[in-house]
1. What percent do you get for the relative contact order of the chain when only Cα pairs under 8 Å and 6+ apart count?
2. Per the helix-only calculation at 222 nm, which mean residue ellipticity applies to the chain, given -39500 (n - 2.57) for every DSSP H run of n ≥ 4 and division by its residues, nearest 500 deg cm²/dmol?
3. Between residue 225 and residue 125, what FRET efficiency comes out of the Förster formula 1/(1 + (r/R0)^6) with R0 = 56 Å and r the beta carbon distance, rounded to 0.05?
4. Got the relative contact order for segment 169-308 handy, in percent, Cα pairs under 8 Å and 6 or more residues apart?
5. Give, in nm to one decimal, the length gained when the segment between residue 309 and residue 34 is fully stretched (0.36 nm per residue of separation minus the Cα-Cα distance).
6. Within segment 116-141, name every residue whose backbone N is under 15 Å away from a label modeled 7 Å from Cα of residue 154 along the Cβ vector.
7. Computed FRET efficiency, Cβ-Cβ of residue 253 and residue 70, R0 25 Å: what is it to the nearest 0.05?
8. What is the helix-to-structure angle for 196-213, meaning the angle in degrees between its Cα long axis and the longest Cα principal axis of the chain, kept from 0 to 90 and rounded to the nearest 10?
């Protein structure tokens with residue numbers, strides 16, 4: 001991996017986004033004739049050097065979306081564009097070259113690492129497939145550089161995952177993701193299995209690496225405080241759809257979708273900051289089955305603002321004003337931070 005000559009700015013709004021997703025739909029066939037639409041018409045964009053937070057309850061489609069971006073699943077409809085190129089149309093050497101550009105950091109820093117391989121072998125393993133990246137004679141040196149880059153020691157190259165702490169394992173996983181010099185790293189709950197003090201260290205590491213390398217992150221998490229700390233923009237998912245998206249501060253401080261407001265109200269706030277506290281919004285009912293989602297707005301069965309039109313028409317994802325980057329899919333969007 002070679003580092004760019006100059007660091008990329010935190011966020012670049014280029015004419016052609018680094019990554020763009022439009023109208024993405026993915027359906028899985030389950031028992032009998034039943035079908036589960038895990039993703040339904042999702043639109044996303046990601047700029048170089050940007051972090052996009054992806055939040056929502058379990059089962060909302062976050063991980064399925066990540067698998068599509070990694071080409072582990074093929075969408076039924078819609079398209080993925082990487083600097084204008086559809087990776088699903090690539091073949092052979094072009095596809096192999098593209099796969100270097102999107103890597104992943106997994107939730108469990110132990111299960112995602114091969115316990116039979118040393119740290120050096122784990123980091124160097126991708127180079128066995130992408131042989132032209134690092135000459136064989138230089139791989140030991142490059143492994144040491146990557147380990148030191150993520151806060152480990154060069155001597156840790158001889159250790160095995162079971163000899164490392166949880167935080168050290170996740171640093172090793174990050175080093176492996178960096179080995180191919182990616183443009184995008186999908187972080188799927190990368191700190192949820194770590195102690196709080198170690199979480200902060202890993203998050204700071206990811207931030208430092210982004211400033212140094214210009215890498216972009218898609219950061220999947222249930223922890224809203226983590227997303228608020230690391231993300232430039234955030235997209236909120238509910239039952240396979242994006243219900244709100246925009247700059248992180250705007251979405252957190254003035255949520256426009258009732259579901260987003262309920263999520264934010266459930267986030268813990270320190271007692272030393274009573275001004276930031278919201279009255280808790282308690283949603284009624286259970287999350288509907290993705291096998292039988294409600295008609296119209298999928299959130300209407302739990303929403304205190306629902307009216308007849310919500311059952312008849314699915315609301316489009318619309319900006320709050322002309323050219324506003326903050327958009328919500330709601331017939332009756334909140335105008336400001338609101339409680340039930």
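Read the figures in this text as sums done on the coordinates, not as results from a lab. As the structure is a prediction and not an experimental result, all values here were calculated from the model. Cβ atoms come from the backbone with ideal geometry, glycine included; neighbour counts cover every protein chain shown.
1. Normalised by residue count, the contact order of the chain is 20 percent.
2. -8000 deg cm²/dmol
3. Efficiency at R0 = 56 Å is approximately 0.95.
4. 15 percent
5. 96.3 nm
6. 120, 138-141
7. With a Förster radius of 25 Å, E is 0.20.
8. Once rounded, one gets 70 degrees.
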